[in-house]
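K.L.:
Take this structure first; my questions come after.
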Amino acid sequence: MTPRSLDELLADAEVLQHEYDDEDTAASRLRIEREVADTWWRSALLLESSAQQVKPWLPEDAPRHRTPLCTAQHEQAAQDLRKLSTLVIRDSRAAHHIALLAQSCRAEPASALIFACLLHLADREGAQFWWQFSAGAGSATAALCLYLMHMQRGELRDAEHWAHEAACLEHLENQTSPSDDLAGLLRRPPSQGHRGSWYTPQSMINRTMAILHSGVAASTRVVDTPALADQPLCQSLAVAVQRLESKSDADYGAIPKASFELAARLEDCAASSP
């Protein structure tokens, strides 16, 4: 039998020759090209996002602070979370917020954030629940606390989620902060240049600490005083946190509840702190 030529084989293979016209073929080709381009674009965005997460923003003239190579990433996250929590509870309105939380079943984001930080600093369970409550109500600072908490635990996927949430929430806050307010000025992204790295986790942590630290330049790292580092809670406040009653929840376990005694001890501790 004489072998058939390639042209003959291809001609027989064109079983759908009359099913599609040139316009159908062109449309299919365009659809495939768009899908391939979209896949490449998403890959590029993912790579860029990953790169930006490890490149915190600093101005040209800002001093560079290097983390010692012997300090593990989770240890640095633990230190940053402790610093951030300490600055949160030192807000002049902290005791008032805790009193509101004890008085009403409707918790404000700021009240939940302060309460969570108190629980964390006292090594009391329940901080995660209240941070999640505060972040869900719109607090970028609470989302940053959750990012640091998961980094401390080595839970990188959860940490990435909360870093993204913190960036989204801070972006929303930027749209509503008055331009003449200190927090608004420090949180305002640059008009050009480093905008892409403005919402990296470390840059957001630096700015948040700067705002809480009453005007420290946003690009500098907050340095702990001995009081901040060693004893963020006075003894009476630490005891009050441990004495809090808890409510059992099927999903979250024991959830501590704020009390008026805690608010009073927080006010006393703030009055006696340097």
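The values are calculated or read from the model by the stated rules, or taken from the named source; none is laboratory data. It should be emphasised that the depicted structure is a prediction, and the values quoted were computed from it without experimental measurement. So basically every Cβ, Gly included, is an ideal-geometry build from the backbone, and we count neighbours across all protein chains shown.
K.L.:
Taking the conditions exactly as written (at pLDDT below 80 and either surrounded by 14 or more Cβ atoms within 10 Å (Cβ to Cβ) or in contact with a helix residue (DSSP H, G or I) (Cβ under 7 Å, 6 or more places away or on another chain) (or both)), does Ser214 satisfy them or not?
P.N.:
Values: at pLDDT below 80: yes; either surrounded by 14 or more Cβ atoms within 10 Å (Cβ to Cβ) or in contact with a helix residue (DSSP H, G or I) (Cβ under 7 Å, 6 or more places away or on another chain) (or both): no.
No: the conditions fail for Ser214.
K.L.:
Now for a separate question. Can you name the residue in segment 240-253 that is out of contact with any Asp or Glu (no Cβ under 8 Å at 6 or more places or on another chain) and assigned to a helix (DSSP H, G or I) and is also surrounded by the most Cβ atoms within 10 Å (Cβ to Cβ) among such residues? Give the steps one after another, and end with the answer.
P.N.:
Of the residues in segment 240-253, the ones out of contact with any Asp or Glu (no Cβ under 8 Å at 6 or more places or on another chain) are 241-242, 244-252.
Those still in the list that are assigned to a helix (DSSP H, G or I) too: 241-242.
On the way: Val241: 23, Gln242: 11.
If we take residues in segment 240-253 being out of contact with any Asp or Glu (no Cβ under 8 Å at 6 or more places or on another chain) and assigned to a helix (DSSP H, G or I), then Val241 is surrounded by the most Cβ atoms within 10 Å (Cβ to Cβ).
K.L.:
For Arg66, work out the one condition from (1) part of a helix (DSSP H, G or I); (2) at pLDDT below 90 it doesn't fulfil.
P.N.:
With (1) part of a helix (DSSP H, G or I); (2) at pLDDT below 90 applied to Arg66, the lone miss is (1).
K.L.:
Follow-up question, since we're still on this one. Within segment 71-88, can you find the residues that are in a helix (DSSP H, G or I) and of a type in the set (Ser, Thr, Tyr)?
P.N.:
Narrowing segment 71-88 to residues in a helix (DSSP H, G or I): 73-88.
Result: Ser85, Thr86.
K.L.:
Follow-up question, since we're still on this one. Enumerate the pairs (first residue in segment 248-259 and closer than 14 Å to Leu101 by Cα and touching a residue at least 40 places away in the same chain (Cβ under 8 Å); second residue anywhere and crowded, with 18+ Cβ neighbours inside 10 Å and β-branched (Val, Ile, Thr)) with beta-carbon separation below 7 Å, excluding pairs fewer than 6 apart on the same chain, so at least 6 apart or on different chains.
P.N.:
Partner pairs satisfying both residue conditions: Ala258/Ile98.
The rows are residues; the columns are (1) assigned to a helix (DSSP H, G or I); (2) among the basic types (Lys, Arg); (3) at pLDDT 85 or above.
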site	(1), (2), (3)
Ser236	yes, no, yes
Ile255	no, no, yes
Leu266	yes, no, yes
Ala271	yes, no, no
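K.L.:
Condition check: of a type in the set (D, E, K, R), touching a strand residue (DSSP E or B) at 6+ places or on another chain (Cβ under 9 Å) and at pLDDT 90 or above. Does Glu245 satisfy that?
P.N.:
yes
So that you can scan it fast, the table gives a plain yes or no per residue for (1) among the aliphatic types (A, V, I, L, M); (2) within 17 Å of the chain's Cα centre (by Cα); (3) surrounded by fewer than 24 Cβ atoms within 10 Å (Cβ to Cβ):
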{"position": "Leu87", "(1), (2), (3)": "yes, yes, yes"}
{"position": "Gln103", "(1), (2), (3)": "no, no, yes"}
{"position": "Glu108", "(1), (2), (3)": "no, no, yes"}
{"position": "Ser111", "(1), (2), (3)": "no, no, no"}
{"position": "Asp123", "(1), (2), (3)": "no, no, yes"}
